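Contents: one structure, followed by commentary.
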């Protein structure tokens, strides 16, 4: 998404919301070069408000997740892997909020690898910025 922010238009804001320890966020933002804010939802009230629950062990730690970690190991070795310090079963999502504050579109992940494409996010953000049909 960071590489395609210009496709969203000047009136669209992007934010990442996490429940991570705030001390981890500056390094994360620097490493990934994120040009948008990271907001912290420590008590996960936003997660609950948007219906983001927890995944089963099988779903969260299934083959797609294991393949992802094998890929990391292949690229960097054990150096980038560390013990989880947070709730690895918390599911995420991607949401487009209209200018009036209503939910225009949502994607509720069923596991860590379940995400909409950047193309889909851009289309949905564009649709939300259009005035409603009269």
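Results, tabulated for the structure shown:
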item: Every pair of residues 6+ apart whose Cβ atoms lie under 6 Å, when the first sits in the range 8-28 and is over 20 Å from residue 87 (Cβ atoms) while the second is at pLDDT 90 or above; result: 8/125; 12/125; 14/36; 15/36; 15/37; 15/39
item: Condition met for residue 28 (in a helix (DSSP H, G or I), within 15 Å of the chain's Cα centre (by Cα) and either loosely packed, with under 10 Cβ neighbours inside 10 Å or modelled with pLDDT under 95 (or both)); result: yes
item: Matching option when the condition is at pLDDT below 90 and exposed (fewer than 12 other Cβ atoms within 10 Å of the Cβ), among 88, 65, 102, 76; result: 76
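The values are calculated or read from the model by the stated rules, or taken from the named source; none is laboratory data. Note that the structure is a prediction, hence the values are computed from the model and not measured. All Cβ positions, glycine included, derive from the backbone under ideal geometry; neighbour counts span all protein chains shown.
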